[in-house]
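Here is the structure we will look at.
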Amino acid sequence: MRLNTKNYIMKNPFVIKPYESKELFCDREEELSLMVQGCINHTDMTLISQRRMGKTGLILRLFDELHETGLNRQTIYVDIYASRSIDDFIKLLAEAAMRTFQPKSSIGEKLISFIKSLRPQLSFDTITGEPQLQIAYQTAHEKEYTLRGLFDFLNAQGEPVIVAIDEFQQIRDYPEKNMEALLRSYIQQTQNLTFIFCGSKKHLMADIFANEKKPFYSSTTFISLEKISEASYANFIRHHFNLDGRTIDDESIQFILDWTRRHTYYTQQLCHTIFANSDKNVTLDVVRAACGQLMKQGEAVYLQYRQMLTDKQWNYLIAVAKEGCVKQITASAFLKHHKIGTPSVSRRLAEALVEKGLLNDDVRIDGTTYTVSDVFFSHWLERL
């Protein structure tokens with residue numbers, strides 16, 4: 001593919017990072033409206049979708065909307081995907097709060113004083129300037145006291161605060177098995193905090209928030225993030241190519257949406273690549289070349305996956321990729337065609353690959369659908 005050097009100067013409108021501006025953000029108007037109303041009415045929310053479907057972008061779009069419309073809300077975003085314990089949770093939440101409340105502000109000064117009372121090792125990244133904490137605890141009780149103190153501090157500042165916790169299902173992997181009960185008991189006592197719990201593992205999030213035996217049962221409003229409609233995404237793609245004086249035909253747009261399965265991250269990535277490498281007229285040949293480029297770029301990672309998996313797991317991934325999606329992993333036609341074996345073998349292989357994050361299991365009323373998580377990887381596997 002020929003590189004278009006003109007586009008090094010011009011900004012690529014198809015951003016790959018979660019959020020840049022509302023002008024470069026596609027749709028989600030209905031979900032945004034629901035979440036704005038939830039924030040106004042102090043309604044805790046649970047936001048669920050597959051990974052890379054745009055949860056983080058929607059949260060940041062929400063924060064942008066709250067600030068733009070003059071609603072008096074402080075906003076904290078914390079991603080706990082990498083956390084492994086209550087220690088990590090406290091550290092990440094405290095650092096996120098410090099990013100929201102700048103050190104020179106009144107609340108920022110109070111927050112730093114509060115954190116210093118915990119006798120932490122407090123430093124600032126030399127490149128980004130962001131705060132970094134290390135807190136030493138003697139007992140489990142000290143950890144719980146610190147977590148409660150942090151919530152109490154945020155609640156006592158006299159202004160509404162929106163706290164979005166991304167990949168919330170990670171708390172299920174903590175060694176502290178009472179984490180859900182602890183958080184629920186602390187959150188119930190806050191009047192000025194509104195929580196948005198985001199997660200990508202639907203079955204775990206459903207068990208946390210919809211299981212009547214669990215502490216968070218029936219405590220939030222559910223919002224499920226589905227694929228952006230074909231019409232909305234087609235208009236968005238056409239608009240941003242046209243805005244730069246380029247044309248893209250309907251056939252090319254349809255191919256983009258079909259090939260990426262309208263999965264937000266992969267649609268943005270493909271459009272980003274096409275925009276960076278095309279001239280005035282975007283044709284189907286240009287789109288296909290970009291698809292090939294993206295699969296080639298990912299090949300080293302895909303081959304690494306091969307080293308991680310058994311032969312049976314690898315062949316099972318190929319089988320799912322060639323099917324596109326599998327609604328009945330125990331169906332005899334699927335098992336025989338791909339020489340998988342018995343239904344129990346198929347279930348075990350699917351569970352193992354879901355656990356590794358290589359398969360998605362989309363649970364719905366009419367059953368569970370399995371797809372390869374990475375759309376580009378799925379297309380690469382199809383060719384084997």
So residue 74, is it under 19 Å from the mean Cα position of the chain (by Cα) and surrounded by 16 or more Cβ atoms within 10 Å (Cβ to Cβ): no
Considering residues of the range 27-55 that are closer than 21 Å to residue 14 by Cα and without any contact (Cβ under 8 Å) to a residue 60 or more places away in the chain only, the residue farthest from the chain's Cα centre (by Cα): 29
From 213, 280, 227, 201, residue being free of Cβ contacts under 8 Å to residues at least 24 places away in the same chain and of a type in the set (Lys, Arg): 213
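Quick one: which of 313, 328, 293 is in contact (Cβ under 8 Å) with a residue 12 or more places away in the chain, among the polar types (S, T, N, Q) and crowded, with 18+ Cβ neighbours inside 10 Å? Before the answer, list the steps.
Numbers: 328 fails: crowded, with 18+ Cβ neighbours inside 10 Å; 293 fails: crowded, with 18+ Cβ neighbours inside 10 Å.
From the options 313, 328, 293, the qualifying one is 313.
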From the options 66, 58, residue that is aliphatic (A, V, I, L, M), on the phi < 0 side of the Ramachandran plot and either surrounded by fewer than 18 Cβ atoms within 10 Å (Cβ to Cβ) or under 20 Å from the mean Cα position of the chain (by Cα) (or both): 58
Total residues in the range 320-379, condition out of contact with any strand residue (DSSP E or B) (no Cβ under 8 Å at 6 or more places or on another chain) and of a type in the set (Ser, Thr, Tyr): 5
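Every residue, every condition in (1) more than 14 Å from residue 54 (Cβ to Cβ); (2) in contact (Cβ under 8 Å) with a residue 24 or more places away in the chain; (3) assigned by TED's automatic domain parsing to the domain that holds residue 364; (4) not in a helix (DSSP H, G or I), yes or no:
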position: 233; (1), (2), (3), (4): no, yes, no, no
position: 236; (1), (2), (3), (4): no, yes, no, no
position: 252; (1), (2), (3), (4): yes, yes, no, no
position: 256; (1), (2), (3), (4): yes, yes, no, no
position: 268; (1), (2), (3), (4): no, yes, no, no
position: 272; (1), (2), (3), (4): yes, yes, no, no
position: 276; (1), (2), (3), (4): yes, yes, no, no
position: 285; (1), (2), (3), (4): yes, no, no, no
position: 288; (1), (2), (3), (4): yes, yes, no, no
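Okay, residues lined up against (1) over 21 Å from residue 216 (Cα atoms); (2) out of contact with any helix residue (DSSP H, G or I) (no Cβ under 6 Å at 6 or more places or on another chain):
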residue: 34; (1), (2): no, yes
residue: 41; (1), (2): no, yes
residue: 46; (1), (2): no, no
residue: 53; (1), (2): yes, no
residue: 62; (1), (2): yes, no
residue: 67; (1), (2): yes, yes
residue: 70; (1), (2): yes, yes
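Suppose we keep only residues that are part of a helix (DSSP H, G or I) and out of contact with any helix residue (DSSP H, G or I) (no Cβ under 8 Å at 6 or more places or on another chain) within the range 346-358. Which one would you say is nearest to residue 371 (Cα to Cα)?
At the first step, the residues of the range 346-358 found to be part of a helix (DSSP H, G or I) are 346-355.
Okay, now just the ones that are also out of contact with any helix residue (DSSP H, G or I) (no Cβ under 8 Å at 6 or more places or on another chain), so 347-348, 351, 354-355.
Details: 347: 14, 348: 15, 351: 12, 354: 10, 355: 13 Å.
Only one residue fits best here, namely 354.
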Test: residue in the range 334-341 that is over 27 Å from residue 300 (Cα atoms) and under 26 Å from the mean Cα position of the chain (by Cα): no
Residues located in the range 230-258, provided they are among the polar types (S, T, N, Q) and surrounded by fewer than 12 Cβ atoms within 10 Å (Cβ to Cβ): 242
The range 211-229, subset within 19 Å of the chain's Cα centre (by Cα) and of a type in the set (D, E, K, R), residue surrounded by the most Cβ atoms within 10 Å (Cβ to Cβ): 227
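The values are calculated or read from the model by the stated rules, or taken from the named source; none is laboratory data. For clarity, every value in this text was computed on a predicted model and none was experimentally measured. All Cβ positions, even for glycine, are placed from backbone atoms using ideal geometry, and neighbour counts span all protein chains on display.
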